[in-house]
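Please read the structure below before turning to the comments.
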Amino acid sequence: MKIIVTGGAGFIGANFLNGLVPRCTDHVFVNVDALTYAANPASLEAIATRPNYSFARVDIRDRAAVDRLFARIEPDLVVHFAAESHVDRSIHSPQAFVETNVMGTFNLLEAFRALPDVDRRRFHHVSTDEVYGTLGADGAFVETTPYDPSSPYSASKAASDHLVRAYHRTYGLPVTISNCSNNYGPYQFPEKLIPLMILNALERKPLPVYGRGDNVRDWLYVTDHCDAIWRVIRHGRIGETYNIGGRSERRNLDVVHAVCDVVAECTGVSASTLRDLVTFVPDRPGHDHRYAIDPAKIERECGFSPAETFETGLRKTVRFYLDHEAWVRAVRTGAYRAWIDSHYAGRV
Ligand code: NAD
Ligand code: TYD
């Protein structure tokens, strides 16, 4: 099977490829990524020279480039991760979110629709639970929860989900969609809550908590998300949406305290010294109060259950950031941007 993975140099895409490429040697994987600030080819070092892996630097906003790529590869499966993914960035600069998440997805769908025998192929769209908006104190998102996005990020992802679903209903394209809760784990860019807190705690910098820290997120270790996506691709029904989550709700302040405790345990610094670094900062505009996923459908239909608890996943995550100092340094200093420019110049 020929598989195009978009956004494979980002956090979740890299974990997806690192898990599957060595295991599925009868499949050929093409990682299609524009290498934005969020990408890091160093996350793919373990598979970069595998014979069933290749990389194509393509911007999904470029319709002609996407058309050419699809005509050349004729993928049996597309797994679409590529996106602008950070809510705070979407508040400051929303345009790239609309261009990549909406128009980029449109370009991929059009290129996919033009393939011969499209019925025997599959387009899997990776999305977020943030499309459903916020929850109150009770309840959880199910697949039929009405869309009610709050940020430019979640609105652009909602639009992309609608397009994917519309292409199934209108043109009969064989698609599946998954909407997952917050991920954490290796190779996450340190602008997101958990890696930011780990790295700041290691350097004794302030730990900025928005508002009062009582917003709730439902956390899933990244390789469990990847496993869930692979299960939807193999066992999910065409045209269906699957919510992915691990029944692991936590208040932000509790997450930050847990990070402090694990970093303390791994480094020998006292946990209270690290907890004292918590600094309450002005809240994010339009900040959704609570997300929680009801994963009953994917559990029932695809046999999904997460391998990691929040406690085991957090320990692995802290260890990753401690053990990959060079990766962290490169991401933080921007050295990897220079590496990308020298390695990929002229290969767009
Ligand atoms: P990320 O920001 O770490 O990586 C995104 C990748 O997409 C990067 O490699 C980037 O270079 C690439 N990309 C961005 N714009 C592109 C363009 N125009 N053309 C080609 N490539 C482009 O994101 P992530 O956290 O790995 O998220 C991956 C997907 O999963 C996204 O669609 C996101 O909405 C979804 N998701 C993320 C989470 C989470 O907690 N991180 C949860 C649920 C769903
Ligand atoms: P984030 O990792 O940005 O993911 P998302 O906005 O997609 O849920 O943020 C997770 C939660 O942590 C969210 O409620 C915002 C909060 N947060 C902070 O309190 N401080 C921070 O510095 C960041 C980045 C996030």
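Data for the structure
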read-out	value
Residue selected from segment 164-218 under the condition among the charged types (D, E, K, R) and either near ligand 2 (Cβ under 9 Å from one of its atoms) or within 25 Å of Phe106 (Cβ to Cβ) (or both), by the criterion surrounded by the most Cβ atoms within 10 Å (Cβ to Cβ)	Arg217
Count of residues meeting criterion [within 16 Å of ligand 1 (Cβ to nearest atom) and over 14 Å from Ile12 (Cβ atoms)] in segment 112-128	2
Selection count where residues are at pLDDT 95 or above, away from ligand 2 (no atom under 16 Å from the Cβ) and in contact with a strand residue (DSSP E or B) (Cβ under 8 Å, 6 or more places away or on another chain), scope segment 8-47	16
Count of segment 18-69 residues which are assigned to a helix (DSSP H, G or I), within 11 Å of ligand 1 (Cβ to nearest atom) and under 19 Å from Trp230 (Cβ atoms)	2
Lone qualifier among Ser160, Ser154 - being more than 13 Å from ligand 2 (Cβ to nearest atom), in a helix (DSSP H, G or I) and crowded, with 24+ Cβ neighbours inside 10 Å	Ser160
Test set (1) in contact with a Cys (Cβ under 7 Å, 6 or more places away or on another chain); (2) at pLDDT below 95 - Trp339 fails condition number	(1)
Some residue of segment 218-234 being at pLDDT below 95, under 19 Å from the mean Cα position of the chain (by Cα) and of a type in the set (Gly, Ala, Ser)	no
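Okay, residues lined up against (1) of a type outside the set (Val, Ile, Thr); (2) crowded, with 16+ Cβ neighbours inside 10 Å; (3) within 21 Å of the chain's Cα centre (by Cα):
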site: Ile293; (1), (2), (3): no, yes, yes
site: Lys297; (1), (2), (3): yes, yes, yes
site: Gly313; (1), (2), (3): yes, yes, yes
site: Tyr321; (1), (2), (3): yes, yes, yes
site: Glu325; (1), (2), (3): yes, no, no
site: Thr333; (1), (2), (3): no, no, no
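The values are calculated or read from the model by the stated rules, or taken from the named source; none is laboratory data. As the structure is a computational prediction, the values presented were derived from the model and not from experiment. All Cβ positions, even for glycine, are placed from backbone atoms using ideal geometry, and neighbour counts span all protein chains on display.
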